[in-house]
């Protein structure tokens, strides 16, 4: 690595594994208590996916697998392509999440 | 219950020398108290409609500061009293009903006021008559608490007692706000007084804040409907840009918390959830409410 790119070793960024992005009113959020269930209309099915997000941008899509009780995210797609079709996981506008009180 | 005192009541407009420690009140706040107690009188007249002679109303006469002992001695020949405390405040007080008024309430309730003598002297009350007075006092105090609560002072009468030894009772040397009411029944003027601790003045001062509070409630209603964007997070890592740039399909990241996820908004963790991946839906079961700033 060239000297002028060594700063990239020091520059930490936050990588988040996000299942979905949802939206709810303040009072609904405030009323949530232990045991409540939020159903979100993300069909992850047999092939559940998470978005790896940096600074609000999807940099990769990963498939979630489980082995020996440990969840792993295996990257299936990288780069700009993964930032497409946000409507599959970004439910802020579709409003398809529902809250069920326990 | 009745206690007898024999000193004359001073004239309302009597100019008295200012005594050290006598509380003072600003005109604006006095006006607010006046307004509240005119409402108290109206509400009492409605609440006691079955106890008052037809067409008669209780009227608010005015307020003054007096020591509780003086008030007890000047309120009338005989007094029926109950002490009370206002809920969610340190405000307490006493309701003092003159024997004349108590007698009037009883006779009206029994429907025999017209037959009663206009002479203010009266015999001791029977058990039934005492029960009627108690019920009237209960109505008066309930109505008083409700009117105060409407004005932003307390949340109703917390409890009351007719026992003068009750811990709620005011100390005799306390300066209290004396709020005088009357029922005109010519040729007599029957009196009813509230002696209330002077911290009610500050509570009425809070009335302005309370009015602002009503506005902020409507702001609160708008705020409660504001949408909050929430990320359902399965993991979060800090890594150097170089490491990030080398990520490629097939790389595996161990999700640190298993099936545990959390809801996050703007870097603030709101609550932990368990994620279940269903056939067509994803189920988040709330595990624990927490508030944690990620930067901590």
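Every number here is computed from the coordinates shown, using simple stated rules; none is lab data. Predicted model only: the values in this text are computed from it and were never measured. Positions of Cβ are backbone-derived with ideal geometry, glycine not excepted, and every protein chain shown enters the neighbour counts.
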Sites residue A:83 and residue B:88 - FRET efficiency at Förster radius 41 Å, r taken between beta-carbons, to 0.05
0.15
Residue-averaged beta-carbon neighbours from other chains (10 angstrom radius) around A:31-38:
6
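Determine the shielding of peptide B:263-269 by partner chains: average, over its residues, the number of Cβ atoms on other chains within 10 angstrom of each Cβ. Each step should come with its number before you reach the end.
Numbers: counts 5, 2, 3, 0, 2, 0, 0.
That average works out to 2.
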Using a 7 Å offset from the Cα along the Cα-to-Cβ direction at both residue B:199 and residue B:222, what is the distance between the two label points in nm, to one decimal?
3.6 nm
